[in-house]
1. Give the range of the longest stretch in the chain that excludes all trypsin sites (Lys or Arg not before Pro) found in loop regions by DSSP and having at most 16 other beta-carbon atoms within 10 Å.
2. Name the long-range amide H neighbours of LEU250: under 5 Å, sequence gap of 5 or more, or other chain; modelled H, no Pro or chain starts.
3. With every protein chain kept in place and ligands, DNA and RNA left out, what is the accessible area per residue of the chain? Probe 1.4 Å, answer in Å².
4. State the percentage of accessible surface on the stretch 1-46 attributable to carbon and sulfur atoms; use a 1.4 Å probe and exclude ligands, DNA and RNA.
5. Can you tell me the orientation of helix 312-324 relative to the chain, as the angle in degrees between its alpha-carbon axis and the longest Cα principal axis, to the nearest 10?
6. If you plug each phi of the stretch 198-205 into the Karplus form 6.51 cos²θ - 1.76 cosθ + 1.60 with θ = phi - 60°, what whole-Hz ³J(HN,Hα) values come out, in order, with x for Gly and Pro?
7. What angle, in degrees between 0 and 90 and rounded to the nearest 10, separates the Cα long axis of helix 121-146 from the longest principal axis of the Cα atoms of the chain?
8. Based on the Cβ-Cβ distance of VAL226 and LYS289, what FRET efficiency does E = 1/(1 + (r/R0)^6) give at R0 = 22 Å, to the nearest 0.05?
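The values are calculated or read from the model by the stated rules, or taken from the named source; none is laboratory data. Treat the numbers as computed from the prediction; the structure is a model and nothing was measured. We place every Cβ from the backbone using ideal geometry, glycine too, and count neighbours over all the protein chains shown. When the accessible area is computed, the model is the full protein with side chains, heavy atoms only, and any ligands, DNA or RNA have been set aside. Shrake-Rupley method; radii C 1.70, N 1.55, O 1.52, S 1.80 Å.
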Amino acid sequence: MKVDVKIKLIVIFLILVGSIYLMMTKSPKLGLDLQGGVSITLKVDVDKVIKDQYLNLAKDIEKKLKGENIDILSYKIENESLKIVLLDPTKVDKAKEIIKKEFPQVVLDTFDGGLSVKFADWELNRIKTNTIKQAVETLRNRIDQFGTLSANIAQKGKDRVLVEIPGVIDIERAKAIIGKTAQLELKEVVDSAFSKEELLQKYPNGLPDDLEILEGQEEVVNGQKVKEWFLVKKTPIITGAMLKDARTALDQAGNPAVNFELTSEGAEIFGEATQKMIGKRLAIVLDGKVMSAPVIRSRITSSGQITGRFTTEEANDLAVVLRAGALPAPVSIVEESVVGPTLGKESIDKTLMAGIVSFVLVGVFMIFRYALSGFIAIIALMFNLMLLWVTMLLFDITLTLPGIAGIILNIGMGVDGNVIIFERIKEELHNGKTLRVALEEGFKRGFAAIFDSHVTVIIAALALLEFGNPPLKGFAATLSIGTFINLFTAVFLTKMLLDLTIGGKKYFKYAI
(Lines give C-alpha, C1' and ligand atoms only; values in the text may rest on other atoms or scores of the structure.)
Protein backbone atom coordinates (compact mmCIF):
# COMPACT_ATOMS: atom_id res chain seq x y z
CA MET A 1 0.00 0.00 0.00
CA LYS A 2 1.34 3.41 -0.97
CA VAL A 3 2.43 5.84 1.74
CA ASP A 4 -0.03 8.57 0.67
CA VAL A 5 -2.95 6.11 0.85
CA LYS A 6 -1.87 5.06 4.37
CA ILE A 7 -1.80 8.70 5.44
CA LYS A 8 -5.29 9.22 4.00
CA LEU A 9 -6.58 6.16 5.86
CA ILE A 10 -5.10 7.42 9.13
CA VAL A 11 -6.76 10.84 8.62
CA ILE A 12 -10.12 9.20 7.87
CA PHE A 13 -9.79 6.93 10.92
CA LEU A 14 -8.98 9.86 13.25
CA ILE A 15 -11.95 11.86 11.91
CA LEU A 16 -14.19 8.84 12.40
CA VAL A 17 -13.07 8.23 16.00
CA GLY A 18 -13.39 11.92 16.90
CA SER A 19 -16.84 12.15 15.33
CA ILE A 20 -18.12 9.07 17.16
CA TYR A 21 -16.82 10.45 20.48
CA LEU A 22 -18.51 13.81 19.94
CA MET A 23 -21.83 12.21 18.96
CA MET A 24 -21.74 10.07 22.12
CA THR A 25 -20.94 12.95 24.48
CA LYS A 26 -22.97 15.84 23.11
CA SER A 27 -26.64 16.29 22.28
CA PRO A 28 -27.93 18.56 19.51
CA LYS A 29 -29.77 21.78 20.18
CA LEU A 30 -33.35 21.42 19.00
CA GLY A 31 -35.36 24.31 17.66
CA LEU A 32 -38.81 25.42 18.72
CA ASP A 33 -40.56 23.30 16.08
CA LEU A 34 -38.88 20.11 17.29
CA GLN A 35 -38.90 20.28 21.09
CA GLY A 36 -41.80 22.66 21.66
CA GLY A 37 -41.73 26.07 23.30
CA VAL A 38 -43.17 29.52 22.83
CA SER A 39 -43.07 31.98 19.95
CA ILE A 40 -43.82 35.61 20.79
CA THR A 41 -43.98 38.64 18.51
CA LEU A 42 -43.40 41.94 20.30
CA LYS A 43 -44.23 45.44 19.09
CA VAL A 44 -41.69 48.04 20.16
CA ASP A 45 -43.12 51.47 20.97
CA VAL A 46 -40.70 53.41 18.77
CA ASP A 47 -42.90 56.52 18.92
CA LYS A 48 -42.28 56.83 22.66
CA VAL A 49 -38.54 56.69 22.07
CA ILE A 50 -38.80 59.50 19.54
CA LYS A 51 -40.88 61.52 22.00
CA ASP A 52 -38.28 60.96 24.74
CA GLN A 53 -35.54 62.00 22.34
CA TYR A 54 -37.42 65.24 21.66
CA LEU A 55 -37.67 65.88 25.41
CA ASN A 56 -33.93 65.30 25.81
CA LEU A 57 -33.31 67.57 22.85
CA ALA A 58 -35.46 70.29 24.46
CA LYS A 59 -33.38 70.15 27.65
CA ASP A 60 -30.13 70.33 25.70
CA ILE A 61 -31.38 73.27 23.64
CA GLU A 62 -32.64 75.03 26.76
CA LYS A 63 -29.25 74.63 28.41
CA LYS A 64 -27.37 75.83 25.33
CA LEU A 65 -29.62 78.89 24.81
CA LYS A 66 -29.50 79.79 28.49
CA GLY A 67 -25.72 80.00 28.17
CA GLU A 68 -26.28 82.59 25.43
CA ASN A 69 -28.74 84.60 27.59
CA ILE A 70 -31.79 83.34 25.68
CA ASP A 71 -34.58 82.06 27.94
CA ILE A 72 -37.26 79.58 26.91
CA LEU A 73 -40.81 80.36 28.04
CA SER A 74 -42.22 76.92 27.24
CA TYR A 75 -41.86 73.92 24.93
CA LYS A 76 -44.07 71.04 23.87
CA ILE A 77 -44.14 68.18 21.36
CA GLU A 78 -46.73 68.75 18.68
CA ASN A 79 -47.25 67.21 15.22
CA GLU A 80 -44.02 65.20 15.43
CA SER A 81 -41.94 68.29 16.17
CA LEU A 82 -40.72 70.31 19.12
CA LYS A 83 -42.39 73.71 19.54
CA ILE A 84 -40.22 76.16 21.51
CA VAL A 85 -41.57 79.52 22.65
CA LEU A 86 -38.96 82.09 23.69
CA LEU A 87 -39.37 84.54 26.54
CA ASP A 88 -38.06 87.27 24.21
CA PRO A 89 -39.50 86.79 20.68
CA THR A 90 -36.93 89.21 19.21
CA LYS A 91 -34.19 86.63 19.82
CA VAL A 92 -35.71 83.96 17.52
CA ASP A 93 -33.17 84.49 14.72
CA LYS A 94 -30.22 84.33 17.09
CA ALA A 95 -31.62 81.19 18.72
CA LYS A 96 -32.09 79.64 15.29
CA GLU A 97 -28.44 80.24 14.38
CA ILE A 98 -27.24 78.69 17.65
CA ILE A 99 -29.43 75.60 17.32
CA LYS A 100 -28.49 75.13 13.66
CA LYS A 101 -24.81 75.22 14.57
CA GLU A 102 -24.94 73.07 17.71
CA PHE A 103 -27.58 70.53 16.64
CA PRO A 104 -26.95 69.44 13.01
CA GLN A 105 -29.42 66.54 13.34
CA VAL A 106 -32.47 68.84 13.28
CA VAL A 107 -34.44 70.86 10.74
CA LEU A 108 -35.64 74.29 11.86
CA ASP A 109 -38.61 76.50 11.08
CA THR A 110 -39.93 79.63 12.76
CA PHE A 111 -43.33 80.85 13.88
CA ASP A 112 -44.46 83.94 15.75
CA GLY A 113 -42.35 84.09 18.89
CA GLY A 114 -40.76 80.69 18.61
CA LEU A 115 -39.11 77.82 16.76
CA SER A 116 -40.29 74.52 15.34
CA VAL A 117 -37.59 71.86 15.63
CA LYS A 118 -37.80 68.50 13.84
CA PHE A 119 -35.36 65.65 13.59
CA ALA A 120 -33.96 65.20 10.09
CA ASP A 121 -35.12 62.06 8.28
CA TRP A 122 -31.71 60.44 8.62
CA GLU A 123 -31.73 61.06 12.36
CA LEU A 124 -35.23 59.58 12.74
CA ASN A 125 -34.13 56.49 10.82
CA ARG A 126 -31.07 56.18 13.06
CA ILE A 127 -33.20 56.40 16.22
CA LYS A 128 -35.65 53.78 14.95
CA THR A 129 -32.91 51.39 13.80
CA ASN A 130 -30.94 51.69 17.02
CA THR A 131 -34.07 51.21 19.11
CA ILE A 132 -34.91 47.88 17.48
CA LYS A 133 -31.29 46.70 17.60
CA GLN A 134 -31.05 47.59 21.28
CA ALA A 135 -34.35 45.81 21.99
CA VAL A 136 -33.05 42.64 20.28
CA GLU A 137 -29.77 42.71 22.22
CA THR A 138 -31.48 43.41 25.55
CA LEU A 139 -33.93 40.56 25.05
CA ARG A 140 -31.09 38.24 24.09
CA ASN A 141 -29.20 39.16 27.28
CA ARG A 142 -32.27 38.59 29.40
CA ILE A 143 -33.03 35.18 27.93
CA ASP A 144 -29.39 34.12 28.26
CA GLN A 145 -29.49 34.99 31.97
CA PHE A 146 -32.90 33.33 32.27
CA GLY A 147 -31.05 30.12 31.42
CA THR A 148 -32.85 29.19 28.21
CA LEU A 149 -30.60 27.95 25.42
CA SER A 150 -31.09 28.08 21.66
CA ALA A 151 -33.47 31.02 21.73
CA ASN A 152 -34.02 32.76 18.43
CA ILE A 153 -34.42 36.55 18.62
CA ALA A 154 -34.66 38.59 15.45
CA GLN A 155 -36.15 41.77 14.05
CA LYS A 156 -39.43 41.27 12.24
CA GLY A 157 -40.52 44.18 10.10
CA LYS A 158 -39.87 47.79 11.06
CA ASP A 159 -40.99 47.79 14.70
CA ARG A 160 -41.40 44.18 15.78
CA VAL A 161 -39.18 41.54 17.34
CA LEU A 162 -39.69 37.79 17.09
CA VAL A 163 -38.71 35.75 20.16
CA GLU A 164 -38.69 31.96 19.95
CA ILE A 165 -37.75 30.06 23.11
CA PRO A 166 -37.57 26.28 22.77
CA GLY A 167 -38.37 24.04 25.70
CA VAL A 168 -39.99 26.68 27.93
CA ILE A 169 -42.20 25.17 30.60
CA ASP A 170 -43.28 28.28 32.53
CA ILE A 171 -44.59 30.37 29.64
CA GLU A 172 -46.14 33.10 31.78
CA ARG A 173 -42.83 33.67 33.56
CA ALA A 174 -41.03 33.87 30.22
CA LYS A 175 -43.57 36.41 28.94
CA ALA A 176 -43.16 38.51 32.09
CA ILE A 177 -39.38 38.63 31.69
CA ILE A 178 -39.57 39.38 27.97
CA GLY A 179 -42.27 42.05 28.24
CA LYS A 180 -40.96 43.97 31.27
CA THR A 181 -39.40 47.28 30.23
CA ALA A 182 -37.35 47.36 33.48
CA GLN A 183 -36.69 51.10 33.40
CA LEU A 184 -35.26 51.85 36.84
CA GLU A 185 -35.27 55.47 38.02
CA LEU A 186 -34.48 57.05 41.37
CA LYS A 187 -36.45 60.28 41.87
CA GLU A 188 -36.82 62.87 44.60
CA VAL A 189 -40.25 62.83 46.30
CA VAL A 190 -41.83 66.28 46.66
CA ASP A 191 -45.10 65.19 48.27
CA SER A 192 -47.33 62.15 48.76
CA ALA A 193 -50.95 61.34 49.50
CA PHE A 194 -53.38 58.43 49.42
CA SER A 195 -55.14 59.71 46.30
CA LYS A 196 -54.07 61.37 43.10
CA GLU A 197 -56.82 63.99 43.47
CA GLU A 198 -55.47 65.12 46.85
CA LEU A 199 -52.11 65.94 45.25
CA LEU A 200 -53.71 67.73 42.30
CA GLN A 201 -55.78 69.95 44.61
CA LYS A 202 -52.59 71.78 45.60
CA TYR A 203 -51.99 72.76 41.95
CA PRO A 204 -55.25 74.28 40.61
CA ASN A 205 -53.43 75.65 37.55
CA GLY A 206 -51.92 72.28 36.71
CA LEU A 207 -48.68 70.57 37.65
CA PRO A 208 -45.41 72.36 36.89
CA ASP A 209 -43.56 70.93 33.89
CA ASP A 210 -40.81 69.46 36.08
CA LEU A 211 -43.15 67.43 38.31
CA GLU A 212 -45.27 64.30 37.81
CA ILE A 213 -47.52 62.04 39.86
CA LEU A 214 -46.68 58.34 40.08
CA GLU A 215 -48.64 55.44 41.51
CA GLY A 216 -47.31 53.45 44.43
CA GLN A 217 -47.88 49.83 45.41
CA GLU A 218 -51.03 48.67 47.11
CA GLU A 219 -50.52 47.81 50.76
CA VAL A 220 -52.68 46.53 53.61
CA VAL A 221 -52.96 48.93 56.58
CA ASN A 222 -55.20 48.04 59.54
CA GLY A 223 -56.92 45.40 57.43
CA GLN A 224 -57.66 47.81 54.58
CA LYS A 225 -56.01 48.07 51.19
CA VAL A 226 -54.47 51.47 50.56
CA LYS A 227 -52.31 52.91 47.84
CA GLU A 228 -49.96 55.84 48.16
CA TRP A 229 -49.44 58.33 45.33
CA PHE A 230 -46.24 60.29 44.92
CA LEU A 231 -45.48 63.72 43.51
CA VAL A 232 -41.91 63.45 42.25
CA LYS A 233 -39.46 65.46 40.22
CA LYS A 234 -39.72 64.36 36.61
CA THR A 235 -35.98 64.28 35.99
CA PRO A 236 -34.46 61.23 37.75
CA ILE A 237 -31.36 61.50 39.89
CA ILE A 238 -29.98 58.37 38.23
CA THR A 239 -31.39 55.66 35.96
CA GLY A 240 -30.78 51.98 35.34
CA ALA A 241 -28.18 52.97 32.76
CA MET A 242 -25.82 53.54 35.73
CA LEU A 243 -26.54 50.11 37.21
CA LYS A 244 -23.54 47.78 37.57
CA ASP A 245 -25.17 44.77 39.20
CA ALA A 246 -28.41 43.51 40.71
CA ARG A 247 -28.84 40.52 43.02
CA THR A 248 -31.65 39.00 45.05
CA ALA A 249 -31.54 39.55 48.81
CA LEU A 250 -33.79 39.83 51.86
CA ASP A 251 -35.09 43.08 53.32
CA GLN A 252 -35.18 43.92 57.03
CA ALA A 253 -38.42 41.97 57.46
CA GLY A 254 -36.94 38.90 55.77
CA ASN A 255 -38.92 39.33 52.57
CA PRO A 256 -37.41 38.89 49.07
CA ALA A 257 -35.84 42.08 47.68
CA VAL A 258 -33.29 43.14 45.07
CA ASN A 259 -30.00 44.80 45.97
CA PHE A 260 -28.42 46.94 43.27
CA GLU A 261 -24.96 48.39 42.83
CA LEU A 262 -24.12 51.50 40.86
CA THR A 263 -21.22 52.32 38.58
CA SER A 264 -18.56 54.71 39.87
CA GLU A 265 -20.18 57.57 37.93
CA GLY A 266 -23.62 56.70 39.28
CA ALA A 267 -22.28 56.38 42.83
CA GLU A 268 -20.75 59.84 42.67
CA ILE A 269 -23.96 61.45 41.36
CA PHE A 270 -26.13 59.52 43.82
CA GLY A 271 -23.87 60.41 46.74
CA GLU A 272 -24.06 64.13 46.01
CA ALA A 273 -27.85 64.00 45.58
CA THR A 274 -28.57 62.00 48.76
CA GLN A 275 -26.28 64.29 50.77
CA LYS A 276 -28.70 67.13 49.97
CA MET A 277 -31.81 64.96 50.50
CA ILE A 278 -31.26 63.83 54.09
CA GLY A 279 -34.68 63.74 55.73
CA LYS A 280 -36.48 63.58 52.39
CA ARG A 281 -37.96 60.56 50.62
CA LEU A 282 -36.46 58.88 47.58
CA ALA A 283 -38.79 57.13 45.12
CA ILE A 284 -37.44 53.91 43.61
CA VAL A 285 -39.39 53.78 40.36
CA LEU A 286 -39.63 50.73 38.10
CA ASP A 287 -41.46 51.12 34.80
CA GLY A 288 -43.28 54.23 36.00
CA LYS A 289 -44.46 52.73 39.29
CA VAL A 290 -43.03 53.53 42.73
CA MET A 291 -41.83 50.27 44.29
CA SER A 292 -40.72 51.90 47.55
CA ALA A 293 -39.95 55.39 48.89
CA PRO A 294 -37.60 55.25 51.86
CA VAL A 295 -36.48 58.30 53.82
CA ILE A 296 -32.85 59.24 53.26
CA ARG A 297 -31.10 59.05 56.65
CA SER A 298 -27.54 59.56 55.43
CA ARG A 299 -25.44 59.91 52.30
CA ILE A 300 -25.80 56.88 50.01
CA THR A 301 -23.26 56.14 47.31
CA SER A 302 -22.80 52.87 45.49
CA SER A 303 -25.75 50.65 46.45
CA GLY A 304 -29.41 50.46 47.31
CA GLN A 305 -32.32 48.07 47.69
CA ILE A 306 -35.63 47.62 45.88
CA THR A 307 -38.32 46.28 48.18
CA GLY A 308 -41.88 45.32 47.44
CA ARG A 309 -44.26 42.47 47.82
CA PHE A 310 -42.06 40.15 45.75
CA THR A 311 -42.05 36.40 45.72
CA THR A 312 -38.61 34.79 45.55
CA GLU A 313 -39.14 34.04 41.87
CA GLU A 314 -40.28 37.60 41.12
CA ALA A 315 -37.20 39.00 42.87
CA ASN A 316 -34.96 36.66 40.88
CA ASP A 317 -36.60 37.67 37.60
CA LEU A 318 -36.37 41.38 38.43
CA ALA A 319 -32.65 40.98 39.14
CA VAL A 320 -32.27 39.24 35.77
CA VAL A 321 -33.91 42.01 33.77
CA LEU A 322 -32.08 44.75 35.67
CA ARG A 323 -28.71 43.11 35.00
CA ALA A 324 -29.57 42.66 31.33
CA GLY A 325 -30.59 46.30 31.04
CA ALA A 326 -33.80 48.14 30.34
CA LEU A 327 -35.57 47.87 27.04
CA PRO A 328 -35.22 51.12 25.07
CA ALA A 329 -39.00 51.37 24.80
CA PRO A 330 -42.11 49.65 26.12
CA VAL A 331 -43.08 46.50 24.25
CA SER A 332 -46.42 44.78 23.83
CA ILE A 333 -47.16 41.21 22.84
CA VAL A 334 -49.10 41.25 19.58
CA GLU A 335 -48.89 37.56 18.76
CA GLU A 336 -47.99 34.40 20.61
CA SER A 337 -48.16 30.70 19.91
CA VAL A 338 -47.19 27.61 21.85
CA VAL A 339 -45.77 24.48 20.25
CA GLY A 340 -46.21 21.41 22.41
CA PRO A 341 -43.46 18.79 22.72
CA THR A 342 -45.82 16.16 21.34
CA LEU A 343 -46.14 18.02 18.05
CA GLY A 344 -42.37 18.40 17.97
CA LYS A 345 -41.88 14.64 18.47
CA GLU A 346 -44.31 13.88 15.67
CA SER A 347 -42.37 16.23 13.39
CA ILE A 348 -39.10 14.49 14.24
CA ASP A 349 -40.58 11.03 13.63
CA LYS A 350 -42.02 12.00 10.26
CA THR A 351 -38.90 13.75 9.02
CA LEU A 352 -36.66 10.91 10.20
CA MET A 353 -38.84 8.46 8.28
CA ALA A 354 -38.59 10.67 5.20
CA GLY A 355 -34.80 10.75 5.59
CA ILE A 356 -34.52 6.97 5.94
CA VAL A 357 -36.75 6.33 2.92
CA SER A 358 -34.83 8.81 0.77
CA PHE A 359 -31.48 7.32 1.84
CA VAL A 360 -32.62 3.77 1.02
CA LEU A 361 -34.04 4.74 -2.38
CA VAL A 362 -30.92 6.71 -3.31
CA GLY A 363 -28.76 3.76 -2.19
CA VAL A 364 -30.73 1.26 -4.26
CA PHE A 365 -30.50 3.50 -7.33
CA MET A 366 -26.75 4.09 -7.00
CA ILE A 367 -25.93 0.38 -6.51
CA PHE A 368 -28.21 -0.64 -9.39
CA ARG A 369 -26.79 2.02 -11.70
CA TYR A 370 -23.08 1.96 -10.77
CA ALA A 371 -22.51 -1.42 -9.07
CA LEU A 372 -19.52 -1.41 -6.69
CA SER A 373 -18.80 2.27 -7.34
CA GLY A 374 -22.37 3.07 -6.34
CA PHE A 375 -21.92 1.17 -3.08
CA ILE A 376 -18.75 3.14 -2.36
CA ALA A 377 -20.65 6.37 -3.07
CA ILE A 378 -23.21 5.39 -0.43
CA ILE A 379 -20.42 4.80 2.11
CA ALA A 380 -19.09 8.28 1.29
CA LEU A 381 -22.63 9.66 1.72
CA MET A 382 -22.89 8.10 5.18
CA PHE A 383 -19.58 9.76 6.07
CA ASN A 384 -20.97 13.03 4.68
CA LEU A 385 -24.05 12.88 6.91
CA MET A 386 -21.94 12.00 9.93
CA LEU A 387 -19.63 14.98 9.37
CA LEU A 388 -22.64 17.26 8.88
CA TRP A 389 -24.10 16.14 12.19
CA VAL A 390 -20.76 16.50 13.99
CA THR A 391 -20.27 20.02 12.58
CA MET A 392 -23.67 21.05 13.95
CA LEU A 393 -22.74 19.63 17.36
CA LEU A 394 -19.32 21.26 17.30
CA PHE A 395 -20.64 24.76 16.53
CA ASP A 396 -23.87 24.48 18.57
CA ILE A 397 -26.07 24.99 15.51
CA THR A 398 -29.76 24.65 16.38
CA LEU A 399 -31.53 21.88 14.50
CA THR A 400 -34.94 22.89 13.15
CA LEU A 401 -37.52 21.21 10.94
CA PRO A 402 -36.34 23.15 7.84
CA GLY A 403 -32.82 22.17 8.86
CA ILE A 404 -33.76 18.50 8.69
CA ALA A 405 -35.22 19.21 5.24
CA GLY A 406 -31.79 20.58 4.28
CA ILE A 407 -30.16 17.36 5.51
CA ILE A 408 -32.57 15.23 3.49
CA LEU A 409 -31.94 17.34 0.40
CA ASN A 410 -28.23 16.83 1.03
CA ILE A 411 -28.74 13.07 0.64
CA GLY A 412 -29.62 13.60 -3.01
CA MET A 413 -26.95 16.25 -3.53
CA GLY A 414 -24.36 14.12 -1.72
CA VAL A 415 -24.26 11.56 -4.56
CA ASP A 416 -24.77 14.13 -7.31
CA GLY A 417 -21.01 14.75 -7.53
CA ASN A 418 -20.32 11.01 -7.71
CA VAL A 419 -22.83 10.64 -10.55
CA ILE A 420 -20.94 13.26 -12.58
CA ILE A 421 -17.59 11.55 -11.94
CA PHE A 422 -18.89 8.05 -12.64
CA GLU A 423 -20.36 9.16 -15.96
CA ARG A 424 -16.99 10.67 -16.88
CA ILE A 425 -15.29 7.36 -15.98
CA LYS A 426 -17.76 5.47 -18.17
CA GLU A 427 -16.95 7.76 -21.10
CA GLU A 428 -13.25 7.06 -20.66
CA LEU A 429 -13.85 3.30 -20.49
CA HIS A 430 -15.93 3.45 -23.67
CA ASN A 431 -13.01 5.21 -25.35
CA GLY A 432 -10.83 2.19 -24.61
CA LYS A 433 -8.97 3.48 -21.55
CA THR A 434 -7.93 1.10 -18.79
CA LEU A 435 -9.78 1.24 -15.45
CA ARG A 436 -6.80 2.92 -13.75
CA VAL A 437 -6.56 5.64 -16.39
CA ALA A 438 -10.36 6.02 -16.58
CA LEU A 439 -10.52 6.64 -12.81
CA GLU A 440 -7.85 9.32 -12.92
CA GLU A 441 -9.34 11.07 -15.96
CA GLY A 442 -12.90 10.79 -14.65
CA PHE A 443 -12.08 12.50 -11.35
CA LYS A 444 -9.89 15.09 -13.07
CA ARG A 445 -12.52 16.04 -15.68
CA GLY A 446 -15.46 15.79 -13.30
CA PHE A 447 -14.02 17.90 -10.47
CA ALA A 448 -14.39 21.24 -12.29
CA ALA A 449 -18.12 20.66 -12.88
CA ILE A 450 -18.62 19.46 -9.28
CA PHE A 451 -16.76 22.45 -7.84
CA ASP A 452 -18.77 24.99 -9.88
CA SER A 453 -22.15 23.45 -9.01
CA HIS A 454 -21.33 23.19 -5.31
CA VAL A 455 -20.00 26.74 -5.08
CA THR A 456 -23.19 28.15 -6.62
CA VAL A 457 -25.30 26.20 -4.10
CA ILE A 458 -23.14 27.47 -1.21
CA ILE A 459 -23.49 31.07 -2.44
CA ALA A 460 -27.28 30.75 -2.56
CA ALA A 461 -27.33 29.13 0.89
CA LEU A 462 -25.16 31.90 2.37
CA ALA A 463 -27.53 34.50 0.93
CA LEU A 464 -30.42 32.75 2.72
CA LEU A 465 -28.39 32.73 5.94
CA GLU A 466 -27.83 36.47 5.71
CA PHE A 467 -31.22 37.70 4.50
CA GLY A 468 -33.69 34.87 5.15
CA ASN A 469 -36.12 34.54 8.05
CA PRO A 470 -35.37 32.06 10.87
CA PRO A 471 -36.93 28.96 9.19
CA LEU A 472 -34.99 29.65 5.98
CA LYS A 473 -31.79 30.14 7.96
CA GLY A 474 -32.18 26.69 9.51
CA PHE A 475 -32.55 25.19 6.05
CA ALA A 476 -29.63 27.20 4.65
CA ALA A 477 -27.32 26.21 7.53
CA THR A 478 -27.58 22.46 6.96
CA LEU A 479 -27.60 22.84 3.18
CA SER A 480 -24.44 24.98 3.07
CA ILE A 481 -22.53 22.80 5.56
CA GLY A 482 -23.58 19.59 3.78
CA THR A 483 -22.65 20.97 0.37
CA PHE A 484 -19.22 22.07 1.59
CA ILE A 485 -18.56 18.66 3.19
CA ASN A 486 -19.69 16.96 0.02
CA LEU A 487 -16.73 18.48 -1.84
CA PHE A 488 -14.54 16.42 0.51
CA THR A 489 -16.51 13.16 0.55
CA ALA A 490 -17.47 13.04 -3.14
CA VAL A 491 -13.91 13.61 -4.35
CA PHE A 492 -11.32 12.82 -1.67
CA LEU A 493 -13.07 9.96 0.16
CA THR A 494 -14.72 8.30 -2.85
CA LYS A 495 -11.48 8.31 -4.85
CA MET A 496 -9.50 6.86 -1.95
CA LEU A 497 -12.00 4.00 -1.54
CA LEU A 498 -12.02 3.32 -5.26
CA ASP A 499 -8.23 3.29 -5.30
CA LEU A 500 -8.23 0.73 -2.48
CA THR A 501 -10.79 -1.60 -4.09
CA ILE A 502 -10.43 -1.45 -7.87
CA GLY A 503 -7.74 1.10 -8.67
CA GLY A 504 -4.95 -1.45 -9.12
CA LYS A 505 -6.84 -3.54 -11.65
CA LYS A 506 -6.79 -2.94 -15.35
CA TYR A 507 -10.29 -4.33 -15.83
CA PHE A 508 -13.05 -5.17 -13.35
CA LYS A 509 -16.47 -6.34 -14.48
CA TYR A 510 -18.53 -4.91 -11.60
CA ALA A 511 -16.50 -1.80 -11.02
CA ILE A 512 -18.94 0.65 -12.54
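1. Here the longest run is 27-157.
2. It is ALA257, by chain and number.
3. On a per-residue basis, the chain sits at 53 Å².
4. Values: 1890 of 2690 Å².
Taking all protein chains in place, the stretch 1-46 shows 70 percent carbon and sulfur surface.
5. 80 degrees
6. In residue order, the calculated couplings are 4, 6, 5, 4, 7, 10, x, 8 Hz.
7. 70 degrees
8. Values: r = 16 Å, r/R0 = 0.71.
Using R0 = 22 Å, I get an efficiency of 0.90.
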